[in-house]
Structures are given as structure tokens and as C-alpha cells.
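Data first, discussion second: the structure below is written as C-alpha cells.
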Amino acid sequence: MESIKPSGIKSIATSQRAQILIVIGAFMAYPFFASDYFIDIAFFFGIYALLGLSLNIVLGEVGLFDLGHAGFYAIGAYTTAILNTKFGIPILVLLPISALAAALFAYIVCSPVIHLQGDYLLIVTLGMGEIVRLALINNPFDLTGGPNGVFGIDFPSLGGGLFIDSSIEFYYLIWIIVALSILGLIRLQNSRIGRAWNYIREDETAASANGVDVKNYKLLAFVLGAALAGVAGNVYASKLMCVSPESFTFWESCLMFCIVLIGGMGSIPGVLIGAAFISLFPEIFRPFAMYRMLVFGSAMMLMMMFRPGGFWPRKRGAVEFRSILGAPGRDDG
Amino acid sequence: MHVILEQLINGLTIGSFYALIALGYSMVYGVLKLINFAHGDFFTLGSYLGYTVLVFGSALITSHFGLWGGLIVAMTVAAVSLAAVGLIVERLAYRPVYPAGRLPAVVSALGASIFLQNTIMVIWGPRFQAYPSKLIPNVHLQLGDIHITLLQILILLMSFILMGSLYFIVQKTTFGAAIRATALDRDTASLMGININKVIFFVFTLGPALGAMTGIMVGMYYRQISFTMGWNYGLKAFTASVLGGIGNIPGAMLGGLILGVLEMLGAAYISAAWKDVFVFLILILVLIFRPTGILGEKLAEKV
Amino acid sequence: MADPKARSQADIVLETKRLTKIFGGLTAVNHVDLRVHKGEILSLIGPNGAGKTTVFNVVSGIYKPEVGNVFFNGRDITGHKPHQIVSYGVARTFQNIRLFPDMTCLENIMAGQHCRGKAGLFSSIFRTSGQRREETRIQEVAASRLHQVKLWKFHDDLAKNIAYGSQRMLEIARALASDPDLLVLDEPSSGLNPRETENLMEFLTGLIETDDVTILLIEHDMNVVMGISDWVVVMDEGRKIAEGRPEEIYTNQRVIEAYLGKDDEEEEAAYAATVEH
């Protein structure tokens, strides 16, 4: 008789553990070998990674077509921008506040439409994203500064006159946030919540008939995804010191969508690859000047032809990373 | 009162642009369940091709065919070229990814859109281009209190002829029945002997051709075109097709006209700056209470 | 349980009263009264389009009835949501197997335990000790159910990759993983070969003994119905037309008419109408 122990807690091979440590090491060492310009590129890679992770919850884990994710990103960024410039609240204090604001916004706007299926949800989220952007342009209550946006946002203060203000410091800030998010998200993937999300993606009726409260879990995905996008907005706003509506267009939502699909739905390593592609590709091809976006578009088409499931689809069964990231210390035999 | 009527005519004018573009989205969606994000760029490309014919070919063409002839030549060139482009995009960007499901096709469609948009930019440059101004005599008509231009009449006339013919093909002919059957249930349609490839050919030639002609009308109406305009029109037109019931061809026409009228009435009575917000809010409300759009039919899932 | 006297004295697990479901103009289920007693296997039979699956969908909360009530263990559960009804102890399978195709067999079964867990966002992110204990329990229940249907060897395979007969059993195991009082099976033997059907019958009768469960099933295979049912309810055109012990039903004139008077394959149109709402 085989062991009754489930495989979920299988310990992963040492070689994989080593690979992960090497990747982390490379990320930590990178700024010491790169110019500020390339550190900034890696910073934006981090922003897109965080945005990709946030949309991946909604699109990748639950399979909800959200083409208005830039709206949540915008809410986070503008919350930070407005509260910082008008009331002088420190950026790092605004980090959780921006996440909450975006999450609350998602909860309010998604609740009435959460029952919509597939493409209908897509068009509604798209409409919401556009409403947010148009509202920002229209400068309601003189808060958002219209098309020019909000200027003069502070750098994050660490207290005692220390500020996160250089490229290196911002690089570490965003990647620490990304790393913590990944840690949390991997744990969620291997939890009751993550599985419930996947059940919904696979078959909503069956999920419901097996005890999953479909509406609540969908909303939870939107709220959590929006919160992470809000965090990305906070960091983005303080890095650029200004925000304007043109950073939060439908196009940004499309890019996030592509990040998730290029990497592979529901795959965290995939999101990193997708984000790298979206943020690094245009930089690498900068010498081609006006032709680079041509190449970019073609590359997207080619990739979907040859890797339709994404570059690094989520592997099921053998659970990724699990034992490193705090699986219970059990004797698994 | 005359403000309403004038806004109604303005609304119908831009509404017919949306409707004609929306048809392209809706036909492709009906047959392939694919949101063809490149469709807005078909429209832009058509507009630029028409611009080139009208500006650079004007001396040659108008001297042979006269003003109206020039316009017809421009329309034909743009429509035929875009029908070809539509087919090529379908072959190269969509057909290879169909088997993998719908989501990869979305990315591929976005890729095709970026590609087309930047091709236009590389060829015609990143700046605005202006349509020739004296194309249609700038005649204003005064009907009682209502003020309308010859160009508007022309655009409305043309749009309604185009929509009418498409409506006729789709609703009254055998081939149209095949298209509707395919939109309803592709597998069954195929089993009933409908040639799906022929239907795909039809929607990927006619949709872009209609888009291209709309592009020229928009160029004449607003006089200014840019390589990114496909996004905005595409977004509105897609919205229109969902409003009317995506996949449903009369629905796309109705959705486009309603969207245009709402937009103009919103601009007149609410605020010009908030008109688009108003339009999207209406869309969301419609979808909350009638998730299939105005003319769409609900498909139930077999449990 | 074959003794009808014993039946009438056992507790009623599930009861429907005047259950009615209307789709558009079509009354798919018409004033159906159903009583399922504890520990029995009750088969719901009838020609295609009789409204059997609709009864299941109303019982499991997917549809809301226009008239009538559903009682489970004495409690009125009419109109409750499917996920609530599972948590009360009613688990079901589907006619056209609905697994989670791109997840492993083990993950599929863990779905059954979802309603028995309560770990939330924060306990999952911070891996609290309670959450870890719960995860272990979920995995252990799932593993033992997978052993029970003899599919443990596929635990790491994707559900879509296992054989059809195994998928049927996997779906039953998933329903069992919620530790239900009542198991509602929609045509469990459909698509199975004779040998698999034999195993299924053995499995289901065994379940009554080992798992203290009651079974309500829709079945077309008369060998299965006659072989394992304690009680049979016959439906036709949305109405209950007969009920009784299998041998009684076998000779019931109305039942024979209902079956012979209808073309079995003719159901699609009627069925399509029932789902179009």
C-alpha cells in the first residue's frame, strides 16, 4: 500500500532551491553592475511585475477578463499623489492607504457586475478603466489636476532625514515589494483560497456545487488584485514625483493582460517573464528607433503562435517553491 | 427644440461611424468569438490610404473622374486594400492561434494592432495629417431652425446605404443565413454543411472594407487624422457592438447609432467633458440589467 | 432496507413538496413530491426530458423553484445557494462530468472539502498553525477518498488526462469528500462499460454501509436501477407518475406506457427548452 500522504507537500529538489537563490542573488547584485539608466529600466520591470502579479490574481487565477486594471493602478497612484501633495502624508504611510483605496474602489465598482460572464465582464471593466481615466482628466473637485496631473510628490522618507531617492534605492524598494508579494501569492496558490479561485476558473458551476461561494471569491480576487495594483501606483507616483492620466490608459491595461498571457495564466514565474518582455523588449530594441514597436507587435503574435500557453505555464502537482516558503516541517517520507 | 434635433443629427453622423466600425467587430466576434483588436487600425489604415489617394492622386484622378469620381476611387482603393489586409491578418495572426483557445488570440490581436499602428506611423509619420478641405462643397442647409451640412447628409446617406446592404445580405440571403447560423453555433453550422472558411473570408474582407470607408468619411468630417485614432474609435465601436448585442449584426448598427446620439446629447445637456463617462456609464448599466446587450440573445448553459 | 415498513419509519433526509420549476412557458417540474429516507438508495427514473435533472438542479440550488419547497433534514433550504446547500450535506455529480480539467485529481477532490474549511486570506498568507492543520486535514481527507475509489495512482495527474470511467468515479469521490449526508448522482453509470457499471453498483451499495450516506440518483440503466435501488420514483413530463419498490415499478402499467409511448432519442428538443432560461 502506498503512502496516504498527499503529494502537495513534497519537498522540492535542492537544485531548484539553488536556482531560486541564484535568481535572488542576481537581483540583489544587479545594481552594482549597472548604470542608473539600466537600474531604472529594472525598476520599471519591477513595477510591471507587480502589476502583472496583481492582474494575474484576477485573470490568471480566477479567469476573469479584466481589461480595466489600469484603473486600480490609477486610483493607487492618485491617492498617493493627492494625499501627499495636499496633506503632506508620508509616502510609506500612504502605501497601505493607496492599496486600501484601490481595494475599496474595486469592491464598490465590481460588486454590481461580478455576475457578468466572460467578454461582458471584459467590456465592463474596460469601461470602468476608461471612466477612471476620463474622470482624472476632467479634474473633479479640482483634485486631480486635469490632463497635466499632480506634481511635486515626495520621495518615500525612512525617517531621520533618510529618503528613498536614488535609482538604486527605488530599485530595491520595488523588488522587495515584488518579492514579498510573490511569497504571499505562492502561499495563496497553495491554499484553500487559491484552489477555490482555480476551481472557478476551471468550471464555475462545478465550483459552486462543491461549496465555493463564487461571487465572494471573485470579488476577493478583484479586491486583492486592485490592492496590489494600488501599491504599484504608490511606488510609481513617488518615483516619478508626478502622475498624469496618460499613464493609466487602456493601453496599460492591455499590456498587463499581455504580461499574464505571455507568461502563462496563473503562473508566477510566468508573470516575471511576461513583465520582463513588456518592459525590457522596447528598451533592448531602442536602436531600431521607430521600428521597435513593429518588432514588438510581431513578437507578440509569434509568441502566441509558438507558445500559446505562455512561456512558463503553471505546473500542477509538484508544488512550486513550496517547502522553501514555509511549508510545515513535516516528515514526508 | 432645434438643439435636440441638431444634436440628434450630429449624433447620428458619428453614430453611423461607430456603427460601421462596430459591424466589423461584431461580425468577427459572431463567427470566431474573437475580439479583433486590430479592427480599429484597419479603420485608420483605410483613412490614410484614402488620404493618400485624395492628396497625391488628386490632380490625376480628379482631372479624369471629377471630384465625386476621385472620392469613389479613394473609397474603392481603401476598401479593396483593407479587405486584403484583413485577410492577411486573419491568416498570419489569428488562424495559427485559434486552436489554442481564445485568450492567446486576444494577445495576438493586440500584437497585430500594435504592428499595424506602427506600420502606419512608419509610413506616414507620427504627426497629424489633414484631409483636403475643398473636397465636398461646404454647403450649409437650413431646414427651419435646423442647421445641417451637405457633408453630413452625404455621410448619413452613404452609411445607411452600406448598412442597409449589409443588413440585406445578412438577414435576407441564404449566405446571410449561413453567417447567422455560424454566429449562433459554429460547430452545428459546420455539420449542416456551411463552409465556415467562406464565412470567415466574408467577415474578414467586408468588415475591414467597411472600416476603411468609414475611415475616409471620418477624415472628411473631422479633416484631421492620426495614426493612433483607431484606438479611440475602435474602443467606442466595440462598446457599441456590445451595447447592441455582440455578434448580432443589426445590434451593432443600432448600438453604434445609439452610442453616437447619447454622446452628442450628453455633450449638449450634461457636459462635453463628461460625455464619454456618460456613455460608458450607460454601457455598464445596460450590461448590469441586460447582460446580452439590446438585441443579443441569452445563451443558457446546459447544467 | 428492502422492507417497506422499515422505510416508512426511517428518518426523512430530503423532502420536496409541490416542487415546480417553469422555464418560459414550459413546466419542467410540476408539483413533485419526493421523500428520500435515511440510508436508502432512491432512483429517479423516467424518459428523457421528464424533468429529473431539473429536480436535481433545484435540490442542489442551481435553480430556484417557482412553487414548492425543498427540505433537508427537516430544514427548509428552498432557494439557498448551491455552496450553502453543499455545506448542509448535499453533494452532487453532473450528468456530463464536470471536473476541474486542468487541475490534478487530488486537487479536484480537495474541492469537496472546501466547504468544511474556513481559512481566510490572512491565515493563508501567514500560514497560521490553524490553517496548516486545516490544509493537512483537507489533503488527508482527499487522499483517503482517492484511495476509496482506487484512483490514488492518478493523484498527480490532471483530471482531463484520466480515462472516462475514472473521471466518473473521481467526480463521485469529489462529492464524497464533502462528507455529505445525501449524495445526489446524475446518471453515474452513463458511458461506463458493463464491468465498470458492475463496480459502480458494488461501490454504491458499499457506501451505504461504510459511509452512513443516503443516495439519490438519476439512472437510465434498468439493471442498475433494479439492482441497487430501495425505492424508485418515476417521472414523466415533469410529473411524478409512480413510485414504489423496484419490482413493483417494473410491472407498473403507467410506467411501461410512459417509456413505450416516447421515443428515447427525442429528448433533445424538450431538454434544450428546459435549459433555455
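The values are calculated or read from the model by the stated rules, or taken from the named source; none is laboratory data. What you see is a predicted model, and the numbers here were worked out from it, not measured in a lab. Every residue, glycine among them, receives a Cβ derived from its backbone with ideal geometry; neighbour counts consider all protein chains shown. Only protein heavy atoms, including side chains, enter the accessible area calculation; ligands, DNA and RNA are left aside. Shrake-Rupley method; radii C 1.70, N 1.55, O 1.52, S 1.80 Å.
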For chain A, the dipole about the Cα centre with charges only on Cβ (Lys and Arg +1, Asp and Glu -1), to the nearest 20 debye, works out at 720 debye
With a 1.4 angstrom probe the carbon and sulfur portion of accessible area for the stretch C:70-199, in percent, totals 51 percent
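Enumerate the helices in chain B for which the Kyte-Doolittle hydropathy averages -1.0 or more and the C-alpha atoms extend at least 18 Å along the helix's axis, using complete DSSP H runs. Numbers along the way, then the final one.
Details: long enough: B:2-32 (44 Å, 1.30); B:39-56 (25 Å, 0.86); B:58-89 (35 Å, 1.86); B:102-124 (33 Å, 1.34); B:150-172 (32 Å, 1.91); B:196-222 (38 Å, 1.36); B:229-244 (23 Å, 0.49); B:249-269 (30 Å, 1.57); B:275-289 (21 Å, 2.82).
Passing helices, by number: B:2-32, B:39-56, B:58-89, B:102-124, B:150-172, B:196-222, B:229-244, B:249-269, B:275-289.
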Checking B:224, B:129, B:142 against a Gaussian network model of chain B (alpha-carbon springs below 10 Å), the top fluctuating residue turns out to be B:142
Any trypsin sites (Lys or Arg not before Pro) in the stretch C:129-184 that lie in a DSSP loop and have at most 11 other Cβ atoms within 10 Å would be none
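Show me you know the interface measure: the accessible area buried between C and B, both chains summed, probe 1.4 Å, in Å² to the nearest 100.
Numbers: alone 13700 and 14610 Å², together 27620 Å².
Protein heavy atoms only, the C-B interface buries about 700 Å².
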On the accessible surface of the stretch A:95-189, probed at 1.4 Å with all protein chains in place, carbon and sulfur together account for a percent value of 72 percent
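From other protein chains only, count the Cβ atoms within 10 Å of every residue's Cβ in B:236-242, then give the mean. Don't jump to the answer; show the numbers that get you there.
Working: counts 1, 0, 3, 4, 0, 1, 7.
Neighbouring Cβ atoms belonging to other protein chains average 2 per residue here.
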Cα-Cα longer than 32 Å, checked against C:21/C:150; C:52/C:150; C:118/C:160; A:215/B:33, kept in input order, equals C:21/C:150
Taking alpha-carbon centroids only, the stretch C:206-227 lies from the stretch C:108-123 a number of Å equal to 28 Å
Relative contact order as a percentage, the stretch B:49-118, C-alpha pairs under 8 Å and 6+ apart, gives 24 percent
Once the dipole of the stretch C:99-177 is set up from charges on Cβ (+1 Lys and Arg, -1 Asp and Glu), the residue from the list C:158, C:115, C:104 lying farthest towards its positive end is C:115
Probe 1.4 Å, protein heavy atoms only: C and A together bury a total accessible area in Å², to the nearest 100, of 3800 Å²
Out of B:30, B:15, B:69, a Gaussian network model of chain B with alpha-carbon springs under 10 Å gives the largest mean-square fluctuation to B:69
The simple spin-label model distance between residue B:192 and residue A:97, using points 7 Å out along Cα→Cβ, in nm, is 6.1 nm
Averaged over residues of B:114-124, the number of beta carbons from other chains lying within 10 Å of each residue's Cβ is 4
Counting other chain Cβ atoms within 10 Å of each Cβ in C:105-114 and taking the mean gives 6
Buried accessible surface, B vs A, both sides, probe 1.4 Å, in Å² to 100, equals 3700 Å²
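Ignoring ligands, DNA and RNA, what accessible area per residue does the stretch A:7-321 give at 1.4 Å, in Å²? Provide the component values of the computation, followed by the final result.
Working: 11370 Å² over 315 residues.
Dividing the accessible area of the stretch A:7-321 by its residue count gives 36 Å².
Let me have the relative contact order for the stretch A:7-321, percent, based on Cα pairs under 8 Å that are six or more residues apart.
On the way: 505 pairs, mean separation 103.6, N = 315.
Across the stretch A:7-321, relative contact order equals 33 percent.
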Checked chain C against the a/c 1.5 cut and the a/b vs b/c comparison, axes a ≥ b ≥ c from its Cα gyration tensor; verdict prolate
Expected max-MSF residue from C:100, C:122, C:56 in the GNM of chain C (alpha carbon, under 10 Å) is C:122
With the stretch B:155-229 reduced to its Cα atoms and the Debye formula applied, log10 I(q)/I(0) at q = 0.21, 0.23, 0.26 1/Å amounts to -0.92, -1.01, -1.16
Semi-axes (Å, rounded, descending) of the ellipsoid equivalent to the stretch C:99-177 per its C-alpha gyration tensor are 25, 12, 10
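When the Cα atoms of the stretch A:70-158 are enclosed in a convex hull and the volume is divided per residue, what value in Å³ results? Don't jump to the answer; show the numbers that get you there.
Details: hull volume 8.5 nm³, N = 89.
Each residue corresponds to 96 Å³ of Cα convex hull volume.
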Per the charge dipole of the stretch B:2-289 (beta-carbon charges, Lys/Arg positive, Asp/Glu negative, Cα centre), the residue among B:281, B:160, B:230 reaching farthest to the positive end is B:230
Binned at 10 Å starting from 0, the alpha-carbon pair-distance distribution of the protein assembly as shown in whole percents comes out as 2, 11, 19, 21, 19, 14, 9, 4, 1, 0, 0
With -39,500 (n - 2.57) per DSSP H segment of 4 or more residues and division by the full residue count of the protein assembly as shown, the 222 nm estimate, nearest 500 deg cm²/dmol, is -19500 deg cm²/dmol
Computed over the stretch C:99-177, the relative contact order (Cα-Cα under 8 Å, seq sep at least six) in percent reads 51 percent
Averaged over all viewing directions, the convex hull of the alpha carbons in chain A casts a projected area in nm² of 19.9 nm²
Any DSSP H helix in chain A with Cα axial reach of 30 Å or more and mean Kyte-Doolittle score of at least 1.0? Listed by number, the hits are A:167-189
Per the charge dipole of the stretch B:1-131 (beta-carbon charges, Lys/Arg positive, Asp/Glu negative, Cα centre), the residue among B:52, B:15, B:31 reaching farthest to the positive end is B:31
